[in-house]
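The values are calculated or read from the model by the stated rules, or taken from the named source; none is laboratory data. Please read these numbers as outputs of a predicted model, since none were measured by experiment. Ideal geometry is used to build each Cβ from the backbone, glycine not excepted, and the neighbour counts take in all protein chains shown. Heavy atoms of the whole protein, side chains included, go into the accessibility calculation; ligands, DNA and RNA do not. Shrake-Rupley method; radii C 1.70, N 1.55, O 1.52, S 1.80 Å.
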Amino acid sequence: MSGHETFQPQNKALAWFERRLPVFGLLHSSFVAYPTPRNLNYWWTFGGILSVMLVVQLVTGIVLVMHFVPTSAGAFDSVEHIMRNVNYGWLLRYIHANGASMFFLAVYIHIFRGLYYGSYKDPREVLWILGVILFLLMMATAFMGYVLPWGQMSFWAATVITNLFSAIPLVGDAIVTWLWGGYSVDEPTLKRFFSLHYLLPFVIFGVVLLHVWALHVVGQNNPDGIDVKSNKDTVPFTPHATVKDSFGLICFFILFAWFVFYIPNYLGHPDNYIPANPLQTPPHIVPEWYFLPFYAILRAIPSKLGGVVAMFASIAVLVFVPWLDTSKVRSARYRPLYRQFFWILLIVCIGLGYLGAKPPEGGYVIAARLLTAYYFIHFLVILPLLGYIETPKPLPASISESVLKKHAGAPAAAGAVRSPERNG
Amino acid sequence: MRKLTVALALLATVVAAPVLAAEVGAKPDRQAWSFSGPFGMFDRAQLQRGLKVYREVCASCHGLKYIAFRNLVQPGGPGFSDAEARAIAAEYQITDGPDDTGEMFERPGRLSDHFPPPAPNEQALRSRFGGALPPDLSVITKARSYESGLAIGLLDFFRQYQEHGADYVYALLNGYEDPPADVEIDGAQAWNRYFPGNRIAMVPPLSDEQVEYTDGSPQTVDQYARDVAAFLAWTAEPHMEARKRIGFQVMIFLIVFAGLLYFTKKKVWADAHA
Ligand code: HEM
């Protein structure tokens, strides 16, 4: 974590404090002097965006809790009370509900950025796995949050998803009863989901700290996927990354505001404005958009247990990506074959999302099976093989060289293909 | 490139997959609502007429439990004066209590009261309609929608179309027709083009000249349906006008701020690229 400069407080009181707890030095080395690669593009602003979105969800969530009533008789009414009678309650709720979607949009971009530029490779495996854990925690948090307004979709999504655990042999039914706190989704379920929905974001916060710590130990990857070699390859975090991240964040907020102020219910399901009714199953039970690809995988497998296993496996496989990818080159910029497969994977995931919203019948099921199979083939077959059959393009000798070349339009430097790995 | 072709072929299978016919009603037409779009606002006179239709027709079967009489005065709504809203409230008898002797009693409504329910409880209401339940209408325009397909759905993001619920309510009230010849229907039900499954336990509630308008608007089913649908769009989203107004200010702020940041960024990074 050696920065361009170190923190030397001039103020006496500050210096006194710093000798006892060097917290300002830590902040300074992490967010001011911290060297960031010179060639980062805007896909690198999403980490900062995610951090801000977490704070947005925490702040709006904590205020919503002040007015929310976690009972089956009171939840729906209390959300309407927030929307109508609480000062700017509509704003809080629309920010929180759409904020969850924006959070997932950002995390999906962040994950695919990592896949494209090989950010999961040595030495960033732990950083990547912490990211997968964050993704899982986010999914659990968002799922339980969606249950809270206690509309029809809240109730039936909770029923469908908790029921998945009944697929576990022998103990499945007992587990489901335990999760529900009864023999169906009911008030005990709502209350425990509420408690956990409040808790998990703070767990996320903790894991984010580890994630950032791991990042600052190994340093950021960059679009060329080569290691930082000298001071010429980096710029200090402040002002360079700070101003660039801020610009990215504000552009992201424009999209966010578009949803919150103009089409706040665009991403929601109208059935969730119907109070939960255990006696009436909606014609189609669909999760929020960000779960759709996984929902498609779940329903693509003809057996319930198989579907559940496939769904969890589709996330678990990400943990192993650092070892499944056998290529020595990180960035898809220099991987002509991998680059094509990357885009196919993206299209397949979007296709799965589309299928997740469709009823599980006829051609939709067949298509979902094909795409599910492809999803796993990508990670388990294509990714390991590519490292052996692909000839990477020559890598630039250094980050600064690649930046200067791009901006001066100079002819390509004939850097040999080297292994950029394992040399710190 | 070959891989891309494969991917596109896969995608084509997906899109060409047979469309499933679930129990859905006909697709409502879109209406030109005054409150649609980024600057769309409610038409006060229309909301007042819609309230009249609700009170004189729908209220006998449908509740409006999230709306209090004080909401009628609130900015961004039908724009009644305080005195007018008090007068409307006073026309209702509200059950209050218990009093000092433990008895419930009736008294005229006040601004803080909500519109009273059409029946003391759900069972009482259902028993009037052979088990069917007339839903509370407070959020009905957010609780109903219709499928427009992927392309139109994406387009709606850009043109900010959110008025599907109002389209549906308007269409439903105008959607009564004779059932097909081979269909038997008993007197407690009616045939509606737009209702999922077509058999609806709400017999046509509106007829021409039923509600008296004092502002010269046509006294037709079509106009009543339009007005009450607009009114219900307001009850579902009473802060819509504030939302769009603040939204515009926020947008201007964000765009200007983004512009300033963009040029700051260029300046800061100028040396980093040299
Ligand atoms: C990781 C961050 C979070 C995510 C992804 C998230 C997601 C969600 C979602 C999807 C909903 C349903 C919104 C709706 O349809 O109405 C919700 C509701 C809710 N959340 Fe969160 N949330 C997060 C953090 C928090 C925090 C930190 C709190 C409180 C400390 C909180 C409190 C609430 C409450 C009270 C509701 C119910 C009110 C409502 O439905 O608007 N949330 N959350």
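Distance from the Cα centre of segment B:166-219 to that of segment A:84-101, in angstrom? Answer, in whole Å: 35. Straight-line cross-link partners of residue B:65 among the lysines, defined as a Cα under 28 Å from its Cα and at least 8 positions apart when in the same chain: A:191, B:52, B:142, B:244. How would you classify segment A:88-151 from its alpha-carbon gyration tensor, with a ≥ b ≥ c the square roots of the eigenvalues: rounded for a/c under 1.5, else prolate if a/b is greater than b/c, otherwise oblate? Prolate is the answer for segment A:88-151, as a/c is 1.5 or above and a/b outweighs b/c. Please name the residues of segment A:225-254 whose accessible area, counted over protein heavy atoms with a 1.4 angstrom probe, falls by no less than 50 Å² between the chain alone and the full protein assembly. Residues of segment A:225-254 that lose at least 50 Å² of accessible area once the other chains are added: A:240, A:243, A:247, A:250, A:254. Placing a pseudo-label 7 Å from each Cα along the Cα-to-Cβ vector at residue B:242 and residue A:346 gives an inter-label distance of 4.1 nm.
Membrane-span-like helices in chain B (whole DSSP H runs, Cα extent of at least 24 Å along the helix axis, mean Kyte-Doolittle hydropathy of at least 0.5): B:240-270.
Take the Cβ atoms of residue A:213 and residue B:74, set R0 to 51 Å, and the FRET efficiency comes out at 0.55. Altogether, the Stokes-Einstein calculation at 4 °C and 1.567 mPa s, with the Kirkwood radius of segment B:186-274 over Cα pairs as Rh, returns a diffusion coefficient of 69 µm²/s.
Just to confirm a number: summing +1 for Lys and Arg and -1 for Asp and Glu over residues other than residue B:210 whose beta-carbon lies under 13 angstrom from that of residue B:210, what do you get? My count for the surroundings of residue B:210 gives -3.
Where a ≥ b ≥ c are the square roots of the eigenvalues of the C-alpha gyration tensor, would you call chain B rounded, which needs a/c under 1.5, or, failing that, prolate if a/b is larger than b/c, or oblate? The shape class here is oblate.
Loop-only chymotrypsin sites (Phe, Trp or Tyr not before Pro) in segment A:136-200, please: DSSP not H, G, I, E or B, and at most 11 other Cβ atoms within 10 Å. Each step should come with its number before you reach the end.
Values: sites: A:143, A:146, A:150, A:155, A:156, A:165, A:178, A:180, A:183, A:193, A:194, A:198; in loops: A:150, A:183.
Within segment A:136-200, the qualifying chymotrypsin sites (Phe, Trp or Tyr not before Pro) (loop, at most 11 other Cβ atoms within 10 Å) are A:183.
In the neighborhood of residue B:251, defined by Cβ-to-Cβ distances under 14 Å, what is the net charge if each Lys or Arg adds +1 and each Asp or Glu adds -1?
Value of the local net charge: +3.
Only Cα pairs under 8 Å and 6+ residues apart enter the sum, and on that basis the relative contact order of segment A:32-285 stands at 37 percent.
Is the C-alpha gyration tensor of segment A:31-160 telling us rounded, prolate or oblate? Criteria: a/c under 1.5 is rounded; beyond that, a/b larger than b/c is prolate, otherwise oblate.
Numbers: a/c = 3.22, a/b = 1.99, b/c = 1.62.
Prolate is the answer for segment A:31-160, as a/c is 1.5 or above and a/b outweighs b/c.
Adding -39500 (n - 2.57) for every DSSP H run of four residues or longer, then dividing by how many residues chain A holds, sets the calculated 222 nm ellipticity at -19500 deg cm²/dmol.
Normalised by the number of residues in segment A:289-393, the mean separation of alpha-carbon contacts (under 8 Å, six or more apart) gives a relative contact order of 44 percent. Of all lysines in the structure, those lying under 30 Å Cα to Cα from residue A:229, and not within fewer than 8 positions of it along the same chain, are A:121, A:244, A:328, A:393, A:405, A:406, B:265, B:266, B:267.
Among the GluC sites (Glu not before Pro) in segment B:200-274, those placed in a DSSP loop whose Cβ has at most 16 other Cβ atoms within 10 Å are B:209, B:212. I want the local charge near residue A:153. Using Cβ-Cβ distances under 9 Å, sum +1 for each Lys or Arg and -1 for each Asp or Glu among the other residues. Cβ neighbours under 9 Å give a net charge of -2.
Note on residue A:43 and residue B:269: their simple-model spin labels are 1.5 nm apart, each label 7 Å out from Cα toward Cβ. Spatial offset of segment A:108-134 relative to segment B:106-143 amounts to 53 Å, using the alpha carbon center of each. For residue B:107 and residue B:60, the FRET efficiency from 1/(1 + (r/R0)^6), where r spans their Cβ atoms and R0 equals 25 Å, is about 0.70.
I'd like the FRET efficiency for residue A:393 and residue A:112, computed as 1/(1 + (r/R0)^6) with the beta carbon distance as r and R0 of 25 Å, rounded to 0.05.
Values: r = 21 Å, r/R0 = 0.84.
Between residue A:393 and residue A:112 the formula returns 0.75.
Dipole magnitude for segment A:289-393: about 240 debye, using +1 per Lys or Arg Cβ and -1 per Asp or Glu Cβ, origin at the Cα centre. For chain A, the relative contact order works out to 22 percent when only alpha carbon pairs closer than 8 Å and six or more residues apart are counted. Between helix A:187-218 and chain A there is an angle of about 0 degrees, using the helix long axis and the longest principal axis of the Cα atoms.
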